[in-house]
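These notes are about the structure you will find just below.
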Amino acid sequence: MSVENEAVSSLRSKTLIGWYIHLCVFAFAQLVFSVFDDGTFVFKLNPTGEWVMTNLKSVIDLIPIHQSTQLNLLTILWGIVVLIHGAVSITDVFLSKRRSN
């Protein structure tokens, strides 16, 4: 195996490990949210947060994971970020594999 192939392989591993860590942090946060969710939220929303809550109410109601609507919104937005991160990571791995061949 050449030095270049080893570098590409190492980059692939680091890319996927980064996504796995992101996924584990997301799962751990969901566990913490579930344990401490009592339907109330400690923090007050700023005007932008209130606007987002108002305009995305229909999306938040589709996936009622937690009692708190703010935690549901956070879960949905963070879930979308995790999915995009995963798609980019997997695409990067496959494209780097194709380039190395």
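Which order do Lys44, Lys97 take when ranked by solvent-accessible area (1.4 Å probe, heavy atoms of all protein chains), largest first? Walk me through the numbers before you get to the answer.
Numbers: Lys44 175, Lys97 85 Å².
Output order, biggest surface exposure first: Lys44, Lys97.
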Approximate spin-label separation Lys97-Ile76, in nm, with each point projected 7 Å along Cα-to-Cβ: 3.4
Per 0.36 nm of contour for each residue apart, how much would the distance between Leu56 and Lys14 grow if the chain were fully extended, relative to their Cα-Cα spacing? 11.6 nm
Keeping all protein chains in the complex and leaving out DNA, RNA and ligands, what accessible area do you get for His85 with a 1.4 Å probe, in Å² to the nearest 10? 60
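The values are calculated or read from the model by the stated rules, or taken from the named source; none is laboratory data. Just so we're clear, the structure is a prediction, and the values are computed from it rather than from any experiment. As a convention, Cβ positions derive from the backbone with ideal geometry for all residues, glycine included, and neighbour counts pool all protein chains shown. With ligands, DNA and RNA removed, areas are computed over all heavy atoms of the protein, side chains included. Shrake-Rupley method; radii C 1.70, N 1.55, O 1.52, S 1.80 Å.
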